[in-house]
């Protein structure tokens, strides 16, 4: 019995390692694509506004991801669908990069838009596979979710950093093509993951609009969505405030943002050692409040060294919060719409981050502290609303 359970643990550990490698590869391609395309567009002599439009062509379609996600909940083997999405994302990104220097920008923009449609499959779609890897025990699932947070952090750091380094050492086109190759390579790793149980025949799988309504009606999922979107909106203010506060010394802004990324990775490492244990619904409220406290700390901390520490602590708090939201999505999503729930939350999170960046840019003219002050207030408000909502509703997540 002991030997059998040990072999099962070993198989799950090996599958989790394959998951982290594959997820990091494809998410690096997704996360670094905007930087790669903007650098390539500028290298081709295009104006900055057009480079920005091309970059937005990749991120904007993420909002449409939920409308193609139902197939993930109805597929006999979701690995094949996610792997195909990774391949198409990489091929379309590479084709757009090859066309950009030689053709009218409209055609690369259309290819980038099509590439971005598959982005949600590489974020929330892959995360929805974790329960099949980690097994039914909550502690195992929480530890696997900690590794998933690390995958997001590594991809968000390595993708743009690799693009910048390769673009400087060779050229932006080479960087973009290598990034596209990472997505195709990661697809092979996805196919090597354990197969999830196929959907039960005859079970009604809701469509995207019905899934969103289901999420709004379910108290735990409603609060998961509210807090995820608000915190994503809020932390998006950090780079803007960092840049405004260090206007005379631009490298300092980069150091502050890097400190946030390092803090995020350290938070992920801490979770691997000691996974979250409490109820995910309550944890999200508490950890959102912790993020708000850290945002306030970055606002009030004087001196560059102290600011580095504050940004790092904010990154750590956000890693803990993100792990709680992954647990919420996994534990409260109805089985028939698990993939769609993951992708809906992920898509709206990306949209909220973009809106947060735009809002911070609009108000930073009133002072570098203003975006962080508003972000902290918004996060406190969302945490308070979640607590009140939980105390007033006795609803259970649908199954």
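Quick one: residue 26 ticks every box in (1) buried (at least 24 other Cβ atoms within 10 Å of the Cβ); (2) more than 21 Å from residue 191 (Cβ to Cβ) bar one, so which box is it?
Failing condition for residue 26: (2).
Any idea which of 90, 135, 94 is crowded, with 20+ Cβ neighbours inside 10 Å, over 19 Å from the mean Cα position of the chain (by Cα) and either in contact (Cβ under 8 Å) with a residue 60 or more places away in the chain or farther than 24 Å from residue 239 by Cα (or both)?
Just one listed residue meets the conditions, 94.
Can residue 362 be described as in a helix (DSSP H, G or I), at pLDDT below 90, more than 30 Å from residue 244 (Cα to Cα) and more than 22 Å from the chain's Cα centre (by Cα)? Let's see the steps before the verdict.
Working: in a helix (DSSP H, G or I): yes; at pLDDT below 90: yes; more than 30 Å from residue 244 (Cα to Cα): no; more than 22 Å from the chain's Cα centre (by Cα): yes.
Answer is no for this residue.
Determine whether residue 350 is outside the structural domain of residue 128 (by TED's automatic domain parsing) and over 17 Å from residue 211 (Cα atoms).
Values: outside the structural domain of residue 128 (by TED's automatic domain parsing): yes; over 17 Å from residue 211 (Cα atoms): yes.
Here the answer is yes, as residue 350 does meet what is asked.
Right, residue 287: in contact (Cβ under 8 Å) with a residue 12 or more places away in the chain, surrounded by fewer than 21 Cβ atoms within 10 Å (Cβ to Cβ) and within 19 Å of the chain's Cα centre (by Cα) or not?
Values: in contact (Cβ under 8 Å) with a residue 12 or more places away in the chain: yes; surrounded by fewer than 21 Cβ atoms within 10 Å (Cβ to Cβ): no; within 19 Å of the chain's Cα centre (by Cα): yes.
No, not satisfied.
Being free of Cβ contacts under 8 Å to residues at least 60 places away in the same chain and either surrounded by fewer than 19 Cβ atoms within 10 Å (Cβ to Cβ) or farther than 30 Å from residue 196 by Cβ (or both) narrows it down to one residue among 313, 372, 299, 320; which is it?
Values: 372 fails: free of Cβ contacts under 8 Å to residues at least 60 places away in the same chain; 299 fails: free of Cβ contacts under 8 Å to residues at least 60 places away in the same chain; 320 fails: either surrounded by fewer than 19 Cβ atoms within 10 Å (Cβ to Cβ) or farther than 30 Å from residue 196 by Cβ (or both).
The match here is 313.
Take segment 151-201 and flag every residue that is in a loop (DSSP other than H, G, I, E, B) and under 21 Å from the mean Cα position of the chain (by Cα). Steps first, please.
Here is the first cut: in segment 151-201, the ones in a loop (DSSP other than H, G, I, E, B) are 170-171, 192-201.
Matches in segment 151-201: 193 only.
Using beta carbons and a limit of 6 Å, which pairs, at least six apart or on different chains, have the first residue in segment 48-67 and under 11 Å from residue 351 (Cα atoms) and the second one in a helix (DSSP H, G or I) and modelled with pLDDT under 85?
none
The values are calculated or read from the model by the stated rules, or taken from the named source; none is laboratory data. None of the values given here were measured: they were computed from a predicted structure. FYI the Cβ positions are ideal-geometry reconstructions off the backbone, even for glycines, and counts take in every protein chain you see.
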